[in-house]
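As structure tokens, the structure follows; a few thoughts come after it.
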Amino acid sequence: MAAVEMTEPAARTDAGLDYDVIIIGAGISGLYQLLKLRELGLHVKVFETGTGVGGTWYWNRYPGARFDSESWSYGYSFSKELLQEWDWTEHFSPQPETLRYLNYVADKFDLRRDIQFRSRVVAAHFKETTRSWEITLEDGSRHNARFLITAIGPLSTPTMPRIEGVETFKGEAFHTARWPHEPVSFEGKRVAVIGTGATGVQTIQEVAKTVGHLTIFQRTPNWCAPLHNSEIDKETMEGIKKRYDEIFARCKETHACFVHTIDPRRTFDVTPEEREAFFEHLYASPGFGIWQGNFKDILTDRKANAAISDFVARKIRERVKDPAVADKLIPKNHGFGTRRVPLETKYYEVYNQPNVKLVDIKETPIERITPKGIKTSDAEYEFDMIIYATGFDAITGSFHRIDLRGTGGQTLKEAWTGGPKTFVGVQVEGFPNMFMVVGPHTALGNIPRSIEYNVEWVTDLIRHMTERKLTRADPRSEAVEAWTENVRAVGEGSLVNEVDSWMTGVNRNVEGKQVRTLARYSGSAPAYRAWCDAVAAGGYKEIDLS
Ligand code: NA7
């Protein structure tokens, strides 16, 4: 593959510094950020823990991993040439194809030459005298740069359950986010899966196809809805390629950057028959429509939420033959859509297989992992393999794994006691010249859309600074307060924020994450961008630049 031609001005690193910019992470964010900063002529280095590019899609190789976003709305939108060259083969791309895509991007834009793999950043300290960041890698080597950009993802630090005896199990054991690069067989094996979030659901429905016997340990059921994936033939792909401008324009307008638009009607504006027909239509449609394209009040009005929850509960009862099992699979402590909705393909039908057992660990808690398997309060199970689909130390976890220190040696952990405080999710007061791509309190959703916006905003800010020979950027207190207050205010009334999940900062396996915090911006992506656009248009008055 030939590299595209780009006019790159000569790099001009300030005296005494190794680089202008250090980026941590070579996932979707890091790759695009590198490309954009190269266009400014800056000398950029990316440090990446893995052996290859791809971030989420590099690490999450578990069976059945795939998009819940439409593939053609997920890819990068910045290059028309790339859009025309790449053919997605399924409407919701499986992980191997996505990883191939990201490798293709890295090759096409010749990105690898500035990426150092197998390089975990363990510390990053701001040096006031030189207005620069010094980062330390796991091997002890140090590197410095004017700017530090974290492109470490909101869901990248996996967490194991805090269950006694985890390390004693003698069989095969994998966390889904650290899945081996070699194929793993389930044939004839007794397999356990712990965790029934979006990852657990995708894993379970795939493993069930070939497993000897599968036991699912469920603590909290989630409201799942059908993905309705299908292949994309050549003709359809050609049609998609012609519509890319329209597709991305639509993603720009929607609440969370998906192609699905919230229905302007309220749930009880329509007759019961119309409501039922609309829910049926959404349930039969591909993707997140049932969550992101439903009546506008399903996530704010309890009665409306109960109506859609009741509809989905009926669907679960229709699909699962044993009513007692169906009942266990229906969430009781939260309504539909108030946690991330896992999209599924024949997930509920898995529970009709004679070789599948559901263990409700709220009824019979896991007491310990043993060398042979799992002991609950009422039984001892033997397994050949345990799969942990137990999620991530989300949003802040990947930051806290790095010894990040700003002015006066303060740690980021200290600065974020009680929950993150940021300026538009990109900057933290007292951590000058550090920019976060999809950090806490940015718009997430169909994430590459938010990533592209964040990357371009950060690039514009760095351009603004380098053109004016400015070398220090620290957000002002009042700007941080205003943004954090806005994050709180826009989340008011949202039923999502009344429920424990990674979206509200809860992970029982992590110290300090037992109670809900203001972990996530839950306003709309267009409102987020409008705020950021105004900051840029006003000359970045909210940031102390010098
Ligand atoms: P999630 O959504 O955080 O799910 C983790 C699952 O693991 C969830 O079912 C948890 O139950 C379960 N879990 C965690 N710890 C335990 C212990 N100790 N015992 C039993 N069960 C446990 O992570 P995912 O990887 O599925 O998805 C994360 C996001 O990544 C997803 O939203 C996508 O956007 C991509 P709980 O609900 O806490 O009772």
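The values are calculated or read from the model by the stated rules, or taken from the named source; none is laboratory data. Note that this is a predicted model, so its numbers are computed, not measured. Cβ placement follows ideal geometry from the backbone for every residue including glycine, while neighbour counts extend to all protein chains displayed. These area figures cover heavy atoms from the full protein model, side chains too; ligands, DNA and RNA do not enter into them. Shrake-Rupley method; radii C 1.70, N 1.55, O 1.52, S 1.80 Å.
Miscellaneous remarks
- Candidates per trypsin sites (Lys or Arg not before Pro) in the stretch 169-201, loop by DSSP, up to 15 other Cβ within 10 Å: LYS170
- Relative contact order for the stretch 387-431: 28 percent, from Cα pairs under 8 Å spaced at least 6 residues apart, divided by residue count.
- Whole-percent P(r), the stretch 124-178, all Cα pairs, 10 Å bins from 0: 17, 29, 23, 21, 9, 1.
- What the phi angles of the stretch 291-304 give under the Karplus curve with 6.51, -1.76 and 1.60, with θ = phi - 60°, is a coupling list of 9, 9, x, 8, 3, 5, 9, 5, 9, 10, 10, 4, 5, 5 Hz, glycine and proline written as x.
- Under 11 Å, Cβ to Cβ, from LEU404 - net charge with Lys/Arg +1 and Asp/Glu -1: +1
- Given +1 at the Cβ of Lys and Arg, -1 at the Cβ of Asp and Glu and no other charges, the dipole of the chain around its Cα centre is 740 debye to the nearest 20.
- When the Cα convex hull of the stretch 354-434 is projected onto planes of every orientation, the mean area is 9.2 nm².
- Alpha-carbon Rg with Dmax, taken over the stretch 114-212, Å: 19.8, 63
- Rolled with a 1.4 Å probe across the full set of protein chains, the surface gives TRP72 an accessible area near 40 Å².
- Among 192-204, 456-468, the order from most to least packed when residues are scored by Cβ within 10 Å on average: 192-204, 456-468
- For the chain, accessible area per residue (1.4 Å probe, heavy atoms of protein chains only), Å²: 41 Å²
- Across the stretch 150-156, computed HN-Hα scalar couplings (Karplus, 6.51 cos²θ - 1.76 cosθ + 1.60, θ = phi - 60°) run 8, 10, 9, x, x, 9, 9 Hz from first to last residue, x flagging Gly and Pro.
- Over 31 Å [Cα-Cα, the chain], rounded percent: 48 percent
- Value in Å of the Kirkwood radius, where the stretch 439-492 supplies the Cα pairs that are averaged: 13.1 Å
- The convex hull built on the alpha-carbon positions of the stretch 290-382 has an orientation-averaged projected area of 7.4 nm².
- Nearest-10 value in Å² for the accessible area of HIS281, using the 1.4 Å probe: 110 Å²
- Base-10 log of normalised Debye intensity for the stretch 1-150 (one unit scatterer per alpha-carbon) at q = 0.11, 0.20 Å⁻¹: -0.47, -1.22
- Compactness of the stretch 165-207, expressed as Rg and Dmax over alpha-carbon positions, Å: 11.0, 27
- For LYS372, a cut-off of 23 angstrom between C-alpha atoms picks up these lysines, skipping any fewer than 8 places away in its own chain: LYS170, LYS189, LYS357, LYS362.
- Of all accessible heavy-atom area on the chain, the percent that carbon and sulfur account for (1.4 Å): 50 percent
- Per-residue SASA entry for ASP110, accessible area with 1.4 Å probe, Å² rounded to 10: 60 Å²
- Using equal-weight Cα scatterers in the Debye expression, the normalised intensity of the stretch 432-546 in log10 at q = 0.12, 0.14, 0.21 Å⁻¹ is -0.49, -0.65, -1.23.
- Cleavage-rule hits (GluC sites (Glu not before Pro)) in the stretch 268-374: DSSP loop, at most 15 neighbouring Cβ within 10 angstrom: GLU363
- Legend: residues TYR540, TYR453, sorted from most to least accessible area (1.4 Å probe; ligands, DNA and RNA excluded), read TYR453, TYR540.
- Charge tally for PRO371 (other residues, Cβ to Cβ under 12 Å; Lys, Arg +1; Asp, Glu -1): +1.
- Computed P(r) (all Cα pairs; the stretch 376-511; 10 Å bins; percent): 10, 33, 33, 13, 8, 3, 1
- Summed side-chain charge close to PHE126 - residues other than PHE126 whose Cβ falls under 13 Å, Lys, Arg +1, Asp, Glu -1: 0
- Measure of compaction for the stretch 65-130 (Cα Rg per 2.2 N^0.38 Å): 1.52
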